[in-house]
Amino acid sequence: MDTKSGRKRLRTRWRTQDTELTLLALPTTVWYILFCFLPMFGLVIAFKDFKIHGGFLSNVINSEWTGFKNFEFLFKSNDAWVVIRNTLGYNMIFIVLGIAIPVILALMIGQLHSGKAGKIYQTMMFLPYFLSWVVVSAIVWSFLSFDKGIVNQFLTGLGADPVNWYMEPKYWPYFLIFMNVWKGLGYGMVVYLATITGIDSTYYEAAVIDGASKWQQARFITLPLMKLVIVMMFILAVGRIFYTDFGLFFQVPRDSNSLFTVATTIDVLVYKQLKTATVGMASASAFVQSVMGCLTILLANWVVRRVDPDSAMM
Amino acid sequence: MKTGTGYETGLDKFNRIGAVTNWGFHLIFILLALLCLIPVLVVLSISLTGEESIRNDGYSLFPKAFSGEAYQYIARQGQMITRALGVSVLVTAVGTVLGVVLTTSMGYVLSRPNYKLKGLLTWIVFIPMVFNGGLVSSYYINSNMLGLKDTVWALILPLAVSSFNVIICKTFFRSTIPDALIESAEIDGAGQLRIYCSIVLPISLPVLATIGLFLCFAYWNDWFQSMLYIDNQNLYSLQALLNSLMSNVDALARNASSMGISYAELVATMPKESARMAVAIVIVVPVAIAYPFFQKYFISGLTIGAVKG
């Protein structure tokens with residue numbers, strides 16, 4: 001970067017091209033203002049006694065300031081803590097499994113003698129990634145439905161009692177973790193496989209001549225060369241630790257009340273509060289999520305910049 | 001070591017996993033692939049099961065009585081389903097075109113090194129990646145202020161742009177389009193709009209395909225916008241329809257078992273169970289047919305995205 005010439009350029013006069021480029025960027029800029037920046041200012045309703053009736057703007061301006069009252073209500077209720085625990089807990093498990101399993105499978109699939117078979121497996125394992133959570137919810141229902149589900153048919157076939165799955169919280173952490181891994185497997189493998197494919201084959205040739213076993217090659221060549229991507233994916237995931245996949249936690253448990261304590265995350269809570277018109281609490285929850293999410297993302301980005309400056313966002 | 005290429009040298013042949021390990025790996029991957037495929041096949045076979053058989057034997061991968069009644073029902077009197085299909089197709093088509101235009105135009109502008117407002121626009125794109133207004137204020141702004149509630153635009157506009165896609169475009173334009181090409185067009189007197197339309201877009205088909213596919217699948221698979229903004233059943237997309245069918249048929253079943261009314265009475269008139277799964281199949285089939293062919297564009301987008309977050 002030549003700062004001197006850069007500064008000179010800044011001082012040069014405004015050209016026709018600049019006007020044209022501004023006009024070209026205008027529609028997208030307007031989109032950003034309407035759909036991203038207006039809602040940011042809308043966050044102030046967390047500190048107000050906001051009523052739903054009437055126009056939004058006049059309401060925001062006219063409604064009374066209440067300070068932190070909405071937050072007090074939110075954190076006095078037990079829900080907030082349960083939901084934060086769920087959000088952070090599930091995300092930590094998802095981060096570990098979402099890295100370990102695809103990395104191991106990517107290492108394995110590259111070893112198959114037939115590359116063609118590997119491609120076919122990979123394509124099949126990519127399918128869940130392209131299904132919407134509504135469809136996944138229908139799939140899970142066909143397995144777990146109490147009277148018609150495949151799992152209960154299997155259980156009664158074995159002589160065991162059928163289980164009312166959607167009423168039993170104790171199984172759901174496993175189900176949700178399984179569904180998350182299942183849906184993200186194809187995506188994760190793509191990312192890690194791209195890294196493995198990019199490794200220079202001469203490393204392995206040299207290792208073979210030195211008598212390294214397959215295991216040693218994976219342990220001392222492939223994994224160290226993947227380390228950077230793995231660390232990057234890890235940090236980016238940690239940065240999003242206050243956000244969860246709404247579809248997974250809302251659609252898959254089918255909004256069952258018995259599963260509230262194990263299957264509700266911040267995103268689901270905000271939606272439920274919004275729909276039940278407890279706007280004050282909803283906006284307070286959304287505010288907490290936005291601010292905490294922003295802090296963790298910036299922190300993660302700061303760490304990324306120390307690990308690998310080229311991969312940092314800014 | 002590379003997947004998909006043949007074994008060119010003897011060394012590669014020597015450096016392979018043993019035959020037993022190879023078959024072990026194959027077995028693991030076959031199981032995993034089936035684990036991903038069978039659930040979809042289960043939905044397919046439920047949609048092809050007779051209603052009677054579902055009532056008596058429950059869901060099954062190998063139904064005792066095959067029947068196309070669900071699809072016949074859809075074809076005969078599924079105005080609702082054809083309408084939902086129309087909404088889904090319309091939203092996907094319009095949204096993808098709009099999204100590609102908005103994303104690539106911004107990407108192009110940001111890729112011009114001498115543009116005066118580049119810094120400002122970069123911030124406008126960057127800030128939403130780390131901070132957002134959250135669901136509640138977005139909801140009120142979209143429905144009260146912008147008047148999107150119960151319009152088809154509520155399904156299209158909020159999803160049209162993502163900063164992630166803009167950055168993919170910018171990186172692509174920056175690295176593949178030589179500055180000299182654009183400068184020479186400028187000297188020849190072409191305006192920026194003209195350069196963007198007749199030079200930049202035609203030579204950027206790979207990135208257009210990648211962004212277009214991301215958007216296409218996102219719009220086709222979206223149900224959340226419908227759930228938030230659409231109350232009018234005439235504007236339901238396929239996903240929204242399936243979403244409401246999942247809870248409605250279910251509610252009926254729950255009442256039936258708790259109130260002791262005969263199950264058959266309630267579910268009498270239509271093949272509800274199988275029709276519901278048939279809607280899921282109508283959603284899944286285009287996706288399942290399309291993605292294997294477009295996978296490579298997806299993969300290129302995902303890997304750019306993963307490295308350049």
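Tell me the residue from A:Leu127, A:Leu107, A:Leu112 that is within 7 Å of chain B (Cβ to nearest Cβ) and farther than 30 Å from B:Leu44 by Cα, please. Spell out the reasoning first.
Details: A:Leu127 fails: farther than 30 Å from B:Leu44 by Cα; A:Leu107 fails: within 7 Å of chain B (Cβ to nearest Cβ).
Exactly one residue qualifies, and that residue is A:Leu112.
Screening A:Ile177 against (1) more than 7 Å from chain B (Cβ to nearest Cβ); (2) modelled with pLDDT of 95 or more; (3) within 14 Å of B:Cys36 (Cα to Cα) leaves a single unmet condition, (3).
Answer yes or no as to whether B:Leu98 is in a helix (DSSP H, G or I), more than 7 Å from chain A (Cβ to nearest Cβ) and farther than 30 Å from A:Ile241 by Cβ. Give the derivation first.
On the way: in a helix (DSSP H, G or I): yes; more than 7 Å from chain A (Cβ to nearest Cβ): yes; farther than 30 Å from A:Ile241 by Cβ: yes.
Here the answer is yes, as B:Leu98 does meet what is asked.
Filter region A:257-299 down to the residues that are crowded, with 20+ Cβ neighbours inside 10 Å and either without any contact (Cβ under 8 Å) to a residue 24 or more places away in the chain or not assigned by TED's automatic domain parsing to the domain that holds A:Met179 (or both) and list them by number. Within region A:257-299, A:Val270, A:Gln273, A:Leu274, A:Ala282 qualify. Could you tell me whether A:Met92 is in contact (Cβ under 8 Å) with a residue 60 or more places away in the chain, surrounded by fewer than 17 Cβ atoms within 10 Å (Cβ to Cβ), assigned by TED's automatic domain parsing to the domain that holds A:Asp255 and part of a helix (DSSP H, G or I)? Against the criterion (in contact (Cβ under 8 Å) with a residue 60 or more places away in the chain, surrounded by fewer than 17 Cβ atoms within 10 Å (Cβ to Cβ), assigned by TED's automatic domain parsing to the domain that holds A:Asp255 and part of a helix (DSSP H, G or I)), A:Met92 qualifies. Scanning region B:123-150 for residues that are more than 8 Å from chain A (Cβ to nearest Cβ) and surrounded by fewer than 17 Cβ atoms within 10 Å (Cβ to Cβ) yields B:Trp123, B:Gly147, B:Lys149, B:Asp150. Summed over region B:69-91, the residues that are surrounded by 15 or more Cβ atoms within 10 Å (Cβ to Cβ) and either assigned to a loop (DSSP other than H, G, I, E, B) or at pLDDT below 95 (or both) give a count of 11.
Where helices (runs of 4 or more DSSP H) fall entirely within region B:122-182, those with at least 3 residues that are farther than 21 Å from A:Gln273 by Cβ are at B:153-156, B:163-176.
Hey, among the residues in region A:111-138 that are under 18 Å from B:Tyr291 (Cα atoms) and of a type in the set (Gly, Ala, Ser), which one's nearest to the chain's Cα centre (by Cα)?
Of all residues in region A:111-138, those under 18 Å from B:Tyr291 (Cα atoms) come to A:116-133, A:135-136.
From what's left, of a type in the set (Gly, Ala, Ser): A:117-118, A:132.
Values: A:Ala117: 30, A:Gly118: 27, A:Ser132: 15 Å.
Here the residue is A:Ser132.
Exactly one residue out of A:Val82, A:Val103, A:Val151 is within 25 Å of A:Asp267 (Cβ to Cβ) and either in a helix (DSSP H, G or I) or outside the structural domain of A:Ile230 (by TED's automatic domain parsing) (or both), and it is A:Val82.
Within region A:131-160, how many residues turn out to be hydrophobic (A, V, I, L, M, F, W, C), at the interface with another protein chain (Cβ under 7 Å from one of its Cβ atoms) and surrounded by fewer than 20 Cβ atoms within 10 Å (Cβ to Cβ)? So the count comes out to 1. When region A:224-246 is filtered for residues that are modelled with pLDDT of 90 or more and surrounded by 22 or more Cβ atoms within 10 Å (Cβ to Cβ), the ones remaining, listed by number, are A:Phe242, A:Thr244.
Determine whether B:Pro63 is more than 7 Å from chain A (Cβ to nearest Cβ) and farther than 26 Å from B:Ile230 by Cβ.
Details: more than 7 Å from chain A (Cβ to nearest Cβ): yes; farther than 26 Å from B:Ile230 by Cβ: yes.
Answer is yes for this residue.
Figure legend. Inter-residue proximity from region B:61-76: first residues within 19 Å of A:Ile139 (Cβ to Cβ), second residues at pLDDT below 80, beta-carbon distance below 7 Å, spacing 6+ or different chains. Indicated pairs: B:Ala70/B:Pro271. Picking from residues in region B:279-305 that are modelled with pLDDT under 80 and hydroxyl-bearing (Ser, Thr, Tyr), the one that is nearest to B:Thr210 (Cα to Cα) is B:Ser300.
Any residue at all in region A:68-84 that is buried (at least 18 other Cβ atoms within 10 Å of the Cβ) and closer than 30 Å to B:Gly99 by Cβ? No, the conditions are met nowhere in region A:68-84. If only residues of region B:158-172 that are touching a Lys or Arg at 6+ places or on another chain (Cβ under 9 Å) and surrounded by 21 or more Cβ atoms within 10 Å (Cβ to Cβ) are counted, the one that is farthest from B:Thr210 (Cα to Cα) is B:Ile167.
Can you find even one residue in region A:186-199 that is at pLDDT 95 or above and not small (Gly, Ala, Ser)? Within region A:186-199, none of the residues are at pLDDT 95 or above and not small (Gly, Ala, Ser).
The condition of being surrounded by fewer than 21 Cβ atoms within 10 Å (Cβ to Cβ) and not aromatic (Phe, Trp, Tyr) holds for B:Gly212.
The values are calculated or read from the model by the stated rules, or taken from the named source; none is laboratory data. Worth saying up front: this structure is predicted, and the values here are computed from it rather than measured. Note: ideal-geometry Cβ built from the backbone for every residue, glycine included; neighbour counts use all protein chains shown.
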